[in-house]
Amino acid sequence: MNYYVITSSFNWSSISTSYADSIWEINQEFDLSSVGTVTLPANVTLRFTNNGCILNASNFIGDNTSIECAFPQQIFQDTSFSGTYRLGTVYPEWFGVYGDGSADDYLAFEKAFELMALSTPVTEVHTLMLSQAYYVTSTITPPCSIEVVGKDGAVLIANHADFANLALLEIVYPFSKVSNIKLSNPYQYVAYDGDRNCAILIKASNVTVDHCIIEKFLQGITVRPPEVGGAEYIDIIITNNQILDNIGVSKEDRGDGITFWGSSGVIANNIVKCMEGQDARIGIHCEALDTNNIDPDFLSYSVIIEGNLVEGPFRRGIVNEGLQGVVISDNVVNGGNTWWGIAVLDQANHTIVSNNHILYDRESTNDAGASWNPKFSAIRIGGGTRNPKHVSVIGNTIHNKGYGHGVVVSAVGNSVNGNTEFIKIQDNTIQSDITFTSEEGKLFVGILLENCKIIEATSNFVDSYYRGIDSYNVEDVYILDNKIYNSVTRGIRHQLPSNSESIQICNNTVRYSNGGGIEVANIDNLLLRGNTINSISGTALMIQSVTGVVQDNVLFGSYGSQNYQGGTNSFTSIDNTNLGI
């Protein structure tokens, strides 16, 4: 391939085809205002070095033209493009960037995208390399599949009040990637209504956002399919990002760190923090759209949320609302939540919540979103317009330093027909540092089950709640092999407003309860077997209006009496041991 150094005497107005299939070195400025239209021969590579630049070409027509410049320097000024090009890495600086905090750098991006739109083949993924601070006044929307890559502390800065309702970067083509850049909203432009302020808005499948820093946005990263007639986006990967000082506006339709609307993918190893003093909505949020229906094969989960840190005054730390087959595992929700640490709501069937650590430190006076009447807790299962089924809550650690329950399983309304069912709560450690009392607003429970059915609570460790495990209006519940310590009142209580069937309370240990051990009422076919109860005060075993079997329980301590009071009991008592005085 021939190599030419283009000199000042070069005739740009009439270029011979003999220059085709060659490399041109451009090492000086060429003002082409007197030429106007420049038609390049086929397959030319323009290699810009030193201070090479093309100025004032009204129409620069490429023919499979390659453009090379290894440096972030201006190589085109007041030049328009047409024809076809082959591009590798493109710098906004090629088209003139100010970076001074006041002048608009958006036009440099617009010119870069004008050139990228002419690149062939159209399926090629281009690279946009960012290397400094860029102040822009409108959304940056690449016209093709792209890798937006930062180096040397690259920053995109929202620099206009219109960003209250705009995204800073919008990705609309699949197989795109954004990495190693910072996106900043230093003036905290937000809107209470209309479109949401957002750092990165994704409207395509197969998009990756990795190792970015996002600060002071209302929405950090949002995946948003069309609300009407649109298929879900798939294979979205959000990893290793820092979303800092997330903003809230005390509303339930905005204020999220990461949001997946009706889409699938992976959210892993991110740090998501809410700005102190804000009332934001959710740290990491997955929600089904009414017109979308992520419901994969049970072995192919729709979203994996793993290894993230969520911190600060979000109302909820991590939420799955209606997406099916979601795994929420090995995350740390590190305090500040004003409603729930982790929540599984609506028809979020086949969700797994496992091995998460939740520090729950809600203050008793915090009333963020009080009009929604949330039931405060570290983990919440059930609620919304529909209710989930087949949810597993396994191996989580809850450290409660604030006012709320440990785990709540509840249905919409007050009927077991609410269909929150087939729920497993197993091997969790649920511990409180608060001394809960019977005072209004402080009757918090380690595991609270209400208005649902087919629930299994097994092998959990519950320490220092008002009650250890409390179930009300629940059918087909199995409370097995739990260890419950230091309850203010009952270690385990189960009640129904009228007689109903099927409860097993077996092989549990209740120790140091101050107001009684186990209380059951209004149950047919109770199996109460193999429990060990040490009640510091109150009645170790209280049974009211029950039929069934009470067998092989051990009651000891100064208040180890069995008390079969109230209603009509009709049960068989076999080999129970009372070691009380």
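The values are calculated or read from the model by the stated rules, or taken from the named source; none is laboratory data. Since the structure is predicted, the reported quantities are computational estimates derived from the model, not experimental observations. Here the Cβ positions follow ideal geometry from the backbone for every residue, glycine too, while neighbour counts run over all protein chains shown. Keep in mind that these areas ignore ligands, DNA and RNA; they rest on the heavy atoms of the full protein, side chains included. Shrake-Rupley method; radii C 1.70, N 1.55, O 1.52, S 1.80 Å.
Picking from 463, 476, which residue would you name as being modelled with pLDDT of 90 or more and open to solvent by 10 Å² or more (accessible area, probe 1.4 Å)?
After ruling out the rest, the residue left standing is 463.
Can you find a residue that is within 21 Å of residue 115 (Cβ to Cβ), open to solvent by 20 Å² or more (accessible area, probe 1.4 Å), outside any loop (DSSP other than H, G, I, E, B) and out of contact with any Ser or Thr (no Cβ under 9 Å at 6 or more places or on another chain) anywhere in the stretch 8-27?
Yes, because at least one residue in the stretch 8-27 is within 21 Å of residue 115 (Cβ to Cβ), open to solvent by 20 Å² or more (accessible area, probe 1.4 Å), outside any loop (DSSP other than H, G, I, E, B) and out of contact with any Ser or Thr (no Cβ under 9 Å at 6 or more places or on another chain).
Please verify whether residue 503 is part of a strand (DSSP E or B), farther than 21 Å from residue 556 by Cα, open to solvent by less than 20 Å² (accessible area, probe 1.4 Å) and touching a strand residue (DSSP E or B) at 6+ places or on another chain (Cβ under 9 Å), treating the condition exactly as stated.
Taking the combined requirement at face value, the residue satisfies it.
Search the stretch 459-470 for residues that are within 15 Å of residue 505 (Cα to Cα) and pair each with any residue that is at pLDDT below 95 and open to solvent by 30 Å² or more (accessible area, probe 1.4 Å) when their beta-carbon atoms are under 6 Å apart and the residues are at least 6 apart or on different chains.
The qualifying pairs are 470/493.
For residues that are surrounded by 17 or more Cβ atoms within 10 Å (Cβ to Cβ) and either more than 26 Å from residue 62 (Cβ to Cβ) or at pLDDT below 90 (or both), tally how many sit in the stretch 105-131.
Matching residues across the stretch 105-131 total 2.
Would a scan of the stretch 441-450 turn up a residue that is touching a Ser or Thr at 6+ places or on another chain (Cβ under 9 Å), farther than 26 Å from residue 388 by Cβ and at pLDDT below 90?
Checked the stretch 441-450: at least one residue is touching a Ser or Thr at 6+ places or on another chain (Cβ under 9 Å), farther than 26 Å from residue 388 by Cβ and at pLDDT below 90.
Could you tell me which residue of the stretch 28-44 is nearest to residue 64 (Cα to Cα), considering only residues that are open to solvent by 50 Å² or more (accessible area, probe 1.4 Å) and in a loop (DSSP other than H, G, I, E, B)?
Here the residue is 43.
Matching residues to (1) among the polar types (S, T, N, Q); (2) open to solvent by 40 Å² or more (accessible area, probe 1.4 Å):
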{"position": "217", "(1), (2)": "no, no"}
{"position": "222", "(1), (2)": "yes, no"}
{"position": "236", "(1), (2)": "no, no"}
{"position": "242", "(1), (2)": "yes, yes"}
{"position": "250", "(1), (2)": "yes, yes"}
{"position": "255", "(1), (2)": "no, no"}
{"position": "264", "(1), (2)": "yes, no"}
{"position": "271", "(1), (2)": "no, yes"}
{"position": "277", "(1), (2)": "no, yes"}
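Which residues, counting only those in the stretch 314-361, are under 13 Å from the mean Cα position of the chain (by Cα), surrounded by fewer than 24 Cβ atoms within 10 Å (Cβ to Cβ), modelled with pLDDT of 95 or more and not small (Gly, Ala, Ser)?
Matches in the stretch 314-361: 327, 332.
Name the pairs whose Cβ atoms lie under 6 Å apart, with the first residue in the stretch 545-560 and open to solvent by 30 Å² or more (accessible area, probe 1.4 Å), the second at pLDDT 90 or above and in a loop (DSSP other than H, G, I, E, B), and 6 or more positions between them or separate chains?
From residues that are open to solvent by 30 Å² or more (accessible area, probe 1.4 Å), the pairs are 552/530.
Going through 402, 382 one at a time, which residue ends up being modelled with pLDDT of 85 or more, among the small types (Gly, Ala, Ser), more than 23 Å from residue 459 (Cβ to Cβ) and open to solvent by less than 20 Å² (accessible area, probe 1.4 Å)?
After ruling out the rest, the residue left standing is 402.
Which one is farthest from the chain's Cα centre (by Cα) among residues in the stretch 150-174 that are over 17 Å from residue 187 (Cβ atoms) and open to solvent by 30 Å² or more (accessible area, probe 1.4 Å)?
152
Under 7 Å between Cβ atoms, at least 6 apart or on separate chains: pull out the pairs that start in the stretch 302-318 with a residue that is at positive phi and end on any residue that is open to solvent by less than 30 Å² (accessible area, probe 1.4 Å) and at pLDDT below 95.
Sorted first by the residue in the stretch 302-318, then by its partner, the pairs are 312/336.
Within the stretch 45-79, restricting attention to residues that are of a type in the set (Gly, Ala, Ser) and open to solvent by less than 50 Å² (accessible area, probe 1.4 Å), which residue is farthest from residue 22 (Cα to Cα)?
In this case the residue turns out to be 57.
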